[in-house]
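Below is one structure, written out as structure tokens; the observations come after it.
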Amino acid sequence: MTQEQQPPTLALDLDALGAATGERPDRQAAWRFIRAFARDWSGRPLGEADGHTAAELDAAQARLGLPLPAALREALQLLGTRIDLTDNQGTLLAPQDLYVDADRGVLVFRVENQSCAYWGIRVTDLDQEDPPVVIRADLVSPTADDWAAWLGRVSVAFIEIVLSEALCADKDLMGWVTPDDTGLPEDIAAAFLRLPFPEYPISQRPGSRWYAHDEIILRDDHGTAMFRARTEAAFDRFDGEDEED
């Protein structure tokens, strides 16, 4: 990858991301990051009509007989109907579709598009404003409790959702990089900024990380890395530099 002549453009609200994922997490910062990301990467800012209503969420609570954590309510009210931000690979469930895995005591709010994975919140954690999120792979022989820790807060999980779903949002602006045995190729690792986001498992592999550089976001899954460009020009710069190397 060649040396950049101009400072790279990240097109990400790093202050909000750091505040949302830091030692003193700010849930509202997560929503600021998502608002900025929607504006800058989807081409359509979030509006009042892009989420579910309080009445819909109240009805879901009554149907389930369980409280919905504040962070989940806020996320669904913010972007629950923006499938371009949430449903390119997985499916964010609408309030009327939320359900409980009764055998394991988990409220499920997201499903992978081929039902290969599920995301939820343990019923015992629903009294928390911003509880941890757990994940379950669709195993052939499930155990008594096959839900595993994923991300430590619902608000952070929704940041991950919009980032990961953005990777699949535009096939013409996405691609893959093959890391070596130790991670990303050295030129990419040197040029890209590691985002202030915790490592977390993807497809039962630990240690996925997020990076950004010059209008590119990239998720390194320690086996393959997927990237998405914000613009055609950014994609051409990155793709061309890779070919030169």
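The values are calculated or read from the model by the stated rules, or taken from the named source; none is laboratory data. Because the structure is predicted, anything quoted here is derived from the model rather than measured. Cβ placement follows ideal geometry from the backbone for every residue including glycine, while neighbour counts extend to all protein chains displayed. The accessibility values were calculated without ligands, DNA or RNA, using every heavy atom of the protein model including side chains. Shrake-Rupley method; radii C 1.70, N 1.55, O 1.52, S 1.80 Å.
Look at residue 212 and say whether it is over 13 Å from the mean Cα position of the chain (by Cα), surrounded by 20 or more Cβ atoms within 10 Å (Cβ to Cβ) and small (Gly, Ala, Ser).
When the stated conditions are applied, residue 212 passes them.
All of (1) modelled with pLDDT of 85 or more; (2) farther than 30 Å from residue 104 by Cβ; (3) in contact with a strand residue (DSSP E or B) (Cβ under 9 Å, 6 or more places away or on another chain) hold for residue 183 with one exception: (1).
When segment 147-174 is filtered for residues that are in contact with a helix residue (DSSP H, G or I) (Cβ under 8 Å, 6 or more places away or on another chain), open to solvent by 10 Å² or more (accessible area, probe 1.4 Å) and of a type outside the set (A, V, I, L, M), the ones remaining, listed by number, are 150, 153, 172.
In summary, residue 102 fulfils each of the numbered conditions (1) at pLDDT below 95; (2) under 17 Å from the mean Cα position of the chain (by Cα); (3) not acidic (Asp, Glu) with the single exception of condition (2).
The residue that is farthest from the chain's Cα centre (by Cα), counting only those in segment 191-205 that are open to solvent by 70 Å² or more (accessible area, probe 1.4 Å) and in contact (Cβ under 8 Å) with a residue 12 or more places away in the chain, is 193.
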